[in-house]
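Taking it in order: structure first as structure tokens, then the write-up.
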Amino acid sequence: MNIKYKTLIIAVISTILIISLTYLIFHIAYFGYINDTEEYQINKSFEIINQMLNKEKDNLEVTVTDWAHWDDTFYFIKDSNLEYIASNLQYNSLETLNLKLIIFLDDKGHIIYSEHSELDKELIDSINRKLFSNKESLSKVISSSDIHDVKSGILLAETKAFLVSVAPITTSDELSASNGSLIMIRSVDNELLDYIQNVTGVTLEFSEYTTQNFKSHEKTNTLSSSIRNHQYKSLLKASQSICDITGDSNIILSVTKENSNYKDVFYYFKFFLIGFVLTILFISFIILAVIYKYILNRLLMLYNFMNTVATTKDTSLSISMPGTDEFCTLANAANKMLSQLNSAYKDIREMSERFRIIMEATSDGYVEFDISKEELYISPEWKSMIGYTSEDGHSLYGEYMSKVHPDYYEYIKQAYAGILNQKSDYFQYEYPLVRESGETTWVLERGKITQKDASGYPLRLVSTLTNITARKVHEEEILFLSYSDKLTGLKNRAYMEEQFDELDKDKNSRYFIIMGDLNGLKLTNDAFGHKEGDKLLSIVSTILKENCASDDIISRWGGDEFIILVKHKDKNYVSQLISKIRDACSLVTEFHFKVSISLGYAEKSESSIDANAVMSLAENRMYRNKLIEDTSARNATISSLSRTLHEKHSETEEHTMRIRNLSLNLGKRLKLSQDKLDELELLALLHDIGKIGIPDHILMKPGKLTAEEWHIMKTHSEIGYRIAKSTPELSHISDEILSHHERFDGTGYPNGLIGKHIPLLSRIINIVDSFDVMTHRRVYKDAADLNYALAELRRCSGTQFDPFIVEEFLGLLEEQGMSSDLLEDII
């Protein structure tokens, strides 16, 4: 909206507000004063009226007292003497006393005699009803026993008001008790009302109290609020409630007063109001004229000039404005600003020309981000080379990120977010863009923030784009060579150590390390030459790559050792991976020996463990596994102990292999981890190794052992424990060797362990070994029937054997087809 109209609207609204507020304040103050004055006059009138009515009551009380304290009246009540009536109550007697009705009552309130003057029967009946209609009304009039207690009041009957006085009747000496009451009733006639009007200037009217004619009445002698208002009237009316002779506030005393100044007051008030409004309007017009001439007109001139500059973009224009006020100062400042802009534009055009020449002389591109407008400019050569198709800057702003390589999208998105968060005014990033043809172009983007808002938030970014694709190709070749093993193509130790350093920075990282050692590499190198050894390494490397997931990191750690780093996977995956690698190695037939690799793994699951500790644990487990590999040099210890046992005892190698195979199958059924399966395999081979310390005559005795011989025989588990504990390669299964003859119910030996306190692997070997002993011949017994062996396992479940493992073992046997009919009955 034009400022001229805004000024006019403000002036009109201000004038209206001034007039309205002035009228309201004056009206409240002026008429409030008038209302207060009138209310005071009305209250004063009520006071005078009450005084005049009280004076009339006093006169009537004097008359009624004189008559009531007269001996003739006392004896008239007592004897009903008619002579009293004839001599004292003539027709003109009431007129002389200015009475309308006189009533004589005995001490019980019964009417003895009454006389009236010019009252009709209906009016008399109305008066009697008011006074004697019920005992409550009568008691209020004559209840006092005090002969000096004279009651007076007003009585309203048939819209006519009467003054009533009641006095107890007694003798003139006032020594006799009252024997009745005398009631005199005087009319509030027109003469009295005219007199009151002449004195007070108000018209008096009596009416009976109702909620309709006096809504604010609360049965007290208070002034009503009918005159308390801000509406000036020609007639003033007010009401007051008064009590009648019975003490009830059931009479309304209303007054009406004519307001003779009503027309004059309103005439002068309207005259003042019209004059005031005209004066305000005249002053407002003068002020608007002055504002328009000396402010709005000059402001409009300045506005038109600036609008012309904005339209023509001609910074060489200037404006001339006379005077020395702020508008003149503003015009001079505008001229100075335009002059400086004109000079700056010349410099910008020169710099733009230089920049264009520089950009044409190089292969770099130019990018400008206008964040406030969400627009982007990119040099035409680069726009065409990358394949951007947007025509306008706003569309190009949204399309730019679509060409960033998907692998780097989040990186660049976060980088730009960091720029917008004002981390630095300068930035430099390297990332690939995907051309329309599908080729990848690496770019180096270098730039800075060139404009910010008042709060420091970036509004404009400017950067250059340099094609660094050739450099990146060379860097990737160098990086690949520095982090790769030349023979196998796997990552090398340096790369893996760098990965471990990164993992150690994150204390909450979770991963597995699998360590492998290729069995028989030294023998192959020595016997067949290093060329054959390299071939073996390459084949095993290929097996590792084929079986590992794409995100698993495989490296040749050194010599015959390999490391596999597994992230974001569970233990089940690792166990299956180890099994697949072993199975794949067993299928290799290109050599004169069985190809195998010893594997051990460990999990990083605690924040206090670093990668070196995890790898050390994996290495220990790998060496344990190496103990059971036939082609391993470490297997010599196991082989030597097994050979000694077989030579010493009647157990055959076939018995050992049966226990080994059954134990491994049962362990897999129980979903043991790979390191536990390795321990179980070793335990199956050497659980009875302590028997090499038992005398031959006890071991080979065909009959039943004596108590002493049996005591010696039971020490073989302790002897085996000491052998394993003293052999580093076997110390980790020493507790299992010690406990393989413990019973589930705690009656076994040597320590009487019970239930789950017996090592799990010991419980497995106990079941498998007992089954094999029962089903095969020994020097001291023949082989038992298979069905008997199965029934014996079931019978001893929960006492000698772990019941859960027994059920799993029977299920395994059923799957392998051993006596299916009997197993169906047992299981």
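The values are calculated or read from the model by the stated rules, or taken from the named source; none is laboratory data. As the structure is a computational prediction, the values presented were derived from the model and not from experiment. No Cβ is skipped: glycine too gets one built from the backbone with ideal geometry, and neighbour counts run over all protein chains shown. Ligands, DNA and RNA are excluded from the accessible area calculation, which covers all protein heavy atoms including side chains. Shrake-Rupley method; radii C 1.70, N 1.55, O 1.52, S 1.80 Å.
For the stretch 746-756, how many residues meet the condition of being among the hydroxyl-bearing types (Ser, Thr, Tyr) and open to solvent by less than 60 Å² (accessible area, probe 1.4 Å)?
The number of residues fulfilling the criteria is 1.
Would you tally the residues in the stretch 429-467 being of a type outside the set (D, E, K, R), under 40 Å from the mean Cα position of the chain (by Cα) and open to solvent by 30 Å² or more (accessible area, probe 1.4 Å)?
The total comes to 7.
Quick check on this structure: which one of 37, 7, 15, 73 is surrounded by 14 or more Cβ atoms within 10 Å (Cβ to Cβ), polar (S, T, N, Q) and over 60 Å from the mean Cα position of the chain (by Cα)? Walk me through how you get there before you give the answer.
Working: 37 fails: surrounded by 14 or more Cβ atoms within 10 Å (Cβ to Cβ); 7 fails: over 60 Å from the mean Cα position of the chain (by Cα); 15 fails: over 60 Å from the mean Cα position of the chain (by Cα).
Of the residues listed, the single one that is surrounded by 14 or more Cβ atoms within 10 Å (Cβ to Cβ), polar (S, T, N, Q) and over 60 Å from the mean Cα position of the chain (by Cα) is 73.
Working carefully through the options 395, 482, 402, find the one that is more than 39 Å from the chain's Cα centre (by Cα) and of a type outside the set (D, E, K, R).
482
Can you say whether residue 85 is buried (at least 18 other Cβ atoms within 10 Å of the Cβ), of a type in the set (A, V, I, L, M, F, W, C) and modelled with pLDDT of 80 or more, as far as the supplied structure shows?
no
Looking at the stretch 567-585, is at least one residue of a type in the set (Asp, Glu) and open to solvent by less than 50 Å² (accessible area, probe 1.4 Å)?
No.
From the list 277, 290, 309, 255, which one is among the β-branched types (Val, Ile, Thr) and out of contact with any helix residue (DSSP H, G or I) (no Cβ under 7 Å at 6 or more places or on another chain)?
Answer to the check: 290.
Given the structure, is residue 645 crowded, with 19+ Cβ neighbours inside 10 Å, modelled with pLDDT of 85 or more, part of a helix (DSSP H, G or I) and of a type outside the set (Lys, Arg)?
no
Can you name every residue in the stretch 45-70 that is open to solvent by less than 70 Å² (accessible area, probe 1.4 Å) and either over 17 Å from residue 183 (Cα atoms) or touching a His at 6+ places or on another chain (Cβ under 8 Å) (or both)? Steps first, answer last, please.
Initially, the stretch 45-70 is screened for residues open to solvent by less than 70 Å² (accessible area, probe 1.4 Å), giving 45-46, 48-50, 52-53, 56-57, 60-61, 63-65, 67-69.
Once the filter is applied, which keeps residues that are open to solvent by less than 70 Å² (accessible area, probe 1.4 Å) and either over 17 Å from residue 183 (Cα atoms) or touching a His at 6+ places or on another chain (Cβ under 8 Å) (or both), the stretch 45-70 yields 45, 46, 48, 49, 50, 52, 53.
Just name the residue that is most open to solvent (accessible area, probe 1.4 Å) out of those in the stretch 111-164 that are in a loop (DSSP other than H, G, I, E, B) and modelled with pLDDT of 85 or more.
120
How do the helices (runs of 4 or more DSSP H) wholly within the stretch 439-557 filter down when requiring 2 or more residues that are closer than 30 Å to residue 401 by Cβ and polar (S, T, N, Q): which remain?
No helices (runs of 4 or more DSSP H) qualify here.
Identify, please: which residue in the stretch 315-334 is more than 56 Å from the chain's Cα centre (by Cα) and open to solvent by less than 70 Å² (accessible area, probe 1.4 Å) and is, among those, farthest from residue 4 (Cα to Cα)?
317
Give the number of residues within the stretch 30-71 that are among the aromatic types (Phe, Trp, Tyr) and free of Cβ contacts under 8 Å to residues at least 60 places away in the same chain.
2
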